[in-house]
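Colleague: Below is a structure I'd like to ask you about.
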Amino acid sequence: MKHKLDLENWNRREHFRFFSGFSEPFFGVTVRVDCTEAYHWAKANGESFFLAYLHRSLAAANQLEPFRYRIAEGEVWVHDRVHASPTINREDGSFGFAYIDFFEDFLMFKVAAKAEIARVQNSAGLMPAISGENVIHYSSVPWLDFTSISHARSFDFPDSCPKITFGKMTEHAGRKTMPVSIHAHHALMDGLHVAKFVELFQEMMNTEAM
């Protein structure tokens, strides 16, 4: 479900109009996230660390309304819930696109995610997932401890979905961290909103399973 945002009474209406005219309206930041507790929990319970941090990321994003904003035909729509459209690596070195529904309950999320991951890993080609606009585009680059990242993008295609990328986990002084890149449409949110996401995501990474 979704509803239209009242642009005229939105305190960011001028920001929306200003940044909507940009040929590249996305801005991005890269931060380091401590994943020590989440990693230890996943390993102790035989769970996928990837699904553990993906679920926490979606949980954080769904609590922040700007991450549920999408632009369609010049209007801003607020989705009740957003889901994941991640890239899934295959054994042959290629990858495919997936669509994974978000459930607050991790076990329900895990069941749906594992089925979708298996489907993509046993497929070929690069057919985009049928997902619509109520998704966050996710990717993982577990081979690189990056400090910044950019994305391939078609500027002719209207896109307002946030893009979150996870990098290589490293360890220093007994703490495990990984880089996380967040790209967002500046007509829909600012650095403050991204900072709130990072703060909430970190809090969730410091807790046990959702």
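Read the figures in this text as sums done on the coordinates, not as results from a lab. Computed from a predicted model, the values in this text were never measured in an experiment. Cβ coordinates were reconstructed from backbone atoms using ideal geometry, including for glycine residues, and neighbour counts include every protein chain displayed.
Colleague: Filter the stretch 5-31 down to the residues that are acidic (Asp, Glu) and not in a loop (DSSP other than H, G, I, E, B), then identify the one that is surrounded by the most Cβ atoms within 10 Å (Cβ to Cβ).
Modeller: Our first condition is that a residue be acidic (Asp, Glu); within the stretch 5-31, this holds for 6, 8, 14, 24.
Then keep just the ones that are not in a loop (DSSP other than H, G, I, E, B); that gives 8, 14.
Numbers: 8: 6, 14: 9.
Top of the filtered list is 14.
Colleague: How many of the residues in the stretch 61-109 are of a type in the set (Lys, Arg) and surrounded by fewer than 19 Cβ atoms within 10 Å (Cβ to Cβ)? So that I can check it myself, show each step before the final result.
Modeller: First, the residues of the stretch 61-109 that are of a type in the set (Lys, Arg): 68, 70, 81, 90.
Then drop every residue that is not surrounded by fewer than 19 Cβ atoms within 10 Å (Cβ to Cβ), which leaves 81, 90.
The qualifying residues number 2.
Colleague: I'm told residue 153 meets every condition in (1) farther than 22 Å from residue 51 by Cα; (2) surrounded by 14 or more Cβ atoms within 10 Å (Cβ to Cβ) except one. Can you identify the failing condition by its number?
Modeller: Unmet for residue 153, out of (1) farther than 22 Å from residue 51 by Cα; (2) surrounded by 14 or more Cβ atoms within 10 Å (Cβ to Cβ): (2).
Colleague: Is one or more of the residues making up the stretch 114-126 under 17 Å from the mean Cα position of the chain (by Cα), touching a residue at least 40 places away in the same chain (Cβ under 8 Å) and surrounded by 12 or more Cβ atoms within 10 Å (Cβ to Cβ)?
Modeller: No, every residue in the stretch 114-126 fails to be under 17 Å from the mean Cα position of the chain (by Cα), touching a residue at least 40 places away in the same chain (Cβ under 8 Å) and surrounded by 12 or more Cβ atoms within 10 Å (Cβ to Cβ).
Colleague: Output the number of residues of the stretch 163-176 satisfying the condition of being more than 16 Å from the chain's Cα centre (by Cα) and either crowded, with 20+ Cβ neighbours inside 10 Å or of a type in the set (Asp, Glu) (or both).
Modeller: Final tally of qualifying residues: 1.
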